[in-house]
Structure formats: structure tokens, C-alpha cells
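Accompanying notes for the structure given below.
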Amino acid sequence: MTARVALGHLLRGIAVVVVMLAAVAGGIGWLYALRHLHVLKIGPRLTDALPLQRLAGGAAQPLGRVIGAWLPTGIAAGFALAMIARLQRLVRAAVAFVLALGFAVAIAAGSDALTHNEPLRHHLHEQPHRVAIWVAAGLIALGTLAAPGTGRGAGRHAP
């Protein structure tokens, strides 16, 4: 492998991480926007869907609103990942799920640490027990599956 090819792989990997970080931030932003508009009040409420709202009592959000925020975000991320990485759809969805889950855990733990004025490490162990984090990551992965590949040979590695 030449240095140029290795650099290309590294830059695409960095771009994938940046896209997924932006997707998680965007999903949270959309969830706040939908909450503010008082729309999609459908289904059971997911506790801790908006971690920064825990102290104010507004962390729980209806499932319809969560789907309305995270699924389109996953579709957009899927398009971006397809343009960047040319991975098969299932691989793209798996990468999206793992990165979204990791970023969501970190952001939720950071929110808890901020609201409780404690170190981040004290709140990391709580996050995997929160259903809303898994649902958000799953919806992003599902959205990436729904996004078709782009260009010639989309969804496959070119030889």
C-alpha cells in the first residue's frame, strides 16, 4: 500500500467519524426542535431522550418524536457515508450504529457530568442502561440502510 492510498484511507476514516459526530449532534438538535414545536406526540415516552433536560423534567420524549428526529438524520448520514466510504450497506449501518452509540453515550455522560457538576467518568457506566441511547443509535443505523449508495459501484469496494 502506498503512502497516498494509506492517506486516502485515513482521511476517509476521519471524514466518517466527523459525519457521524455531526449526525448525532444533528439528531439531538432535531429532537429539541420537534420538542419545541410540540409535534409528533405519538407512542410511549422514552426516558432520558434529552439528557440536558433531566433537571428540568423534560428528558422523556414520545417515541414518534424520537423517530422523527433520528431516522431522517440517519438517512442523511447514510448518503454522506455512501459518498465518503463506499462501504456495503450493512457495513455502513454497523459503522453508523457503533459510532452513533459511542457519541451518544459520551454526550449523555457529559450532560450528566455537567448537570451534576461531577467528573465525566462518574457517569459513563449509567449510559448503556438508557434505552433512548440504543434507540437513537438504532434509528441512525436503520436510516443509513434506507439511504441508497451513490455513484458507480455504490455500496461495494471498487477493485
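Being at pLDDT 95 or above and of a type outside the set (A, V, I, L, M) is the requirement here; does GLY64 meet it?
On the way: at pLDDT 95 or above: yes; of a type outside the set (A, V, I, L, M): yes.
Against the criterion (at pLDDT 95 or above and of a type outside the set (A, V, I, L, M)), GLY64 qualifies.
So if I check each of LEU52, LEU31, LEU10, which one is touching a helix residue (DSSP H, G or I) at 6+ places or on another chain (Cβ under 8 Å), part of a helix (DSSP H, G or I) and free of Cβ contacts under 8 Å to residues at least 40 places away in the same chain? Can you show your working first?
Values: LEU52 fails: free of Cβ contacts under 8 Å to residues at least 40 places away in the same chain; LEU10 fails: touching a helix residue (DSSP H, G or I) at 6+ places or on another chain (Cβ under 8 Å).
Every option except LEU31 fails the conditions.
Considering each of ALA93, ALA59, ALA33 in turn, give the residue that is surrounded by fewer than 16 Cβ atoms within 10 Å (Cβ to Cβ) and either closer than 21 Å to GLY138 by Cα or modelled with pLDDT of 95 or more (or both). Before the answer, list the steps.
Details: ALA93 fails: surrounded by fewer than 16 Cβ atoms within 10 Å (Cβ to Cβ); ALA59 fails: surrounded by fewer than 16 Cβ atoms within 10 Å (Cβ to Cβ).
It is ALA33.
Pick from segment 56-78 the residues that are assigned to a helix (DSSP H, G or I) and in contact with a Lys or Arg (Cβ under 7 Å, 6 or more places away or on another chain): which of them is nearest to LEU90 (Cα to Cα)?
Keep residues of segment 56-78 that are assigned to a helix (DSSP H, G or I), which gives 63-78.
The next check asks that each one be in contact with a Lys or Arg (Cβ under 7 Å, 6 or more places away or on another chain); those that pass are 64-65, 78.
Numbers: GLY64: 25, ARG65: 25, GLY78: 11 Å.
The extreme case among them is GLY78.
Among the residues of segment 19-48, how many are among the aliphatic types (A, V, I, L, M) and under 11 Å from the mean Cα position of the chain (by Cα)? Explain how you work it out, then say what you get.
Going residue by residue through segment 19-48, those that are among the aliphatic types (A, V, I, L, M) are 19-25, 28, 31, 33-34, 37, 39-40, 42, 46.
Subset that is under 11 Å from the mean Cα position of the chain (by Cα): 19-25, 28.
Of the residues in segment 19-48, 8 are among the aliphatic types (A, V, I, L, M) and under 11 Å from the mean Cα position of the chain (by Cα).
The values are calculated or read from the model by the stated rules, or taken from the named source; none is laboratory data. Everything quoted here is computed from the prediction, not taken from an experiment. So basically every Cβ, Gly included, is an ideal-geometry build from the backbone, and we count neighbours across all protein chains shown.
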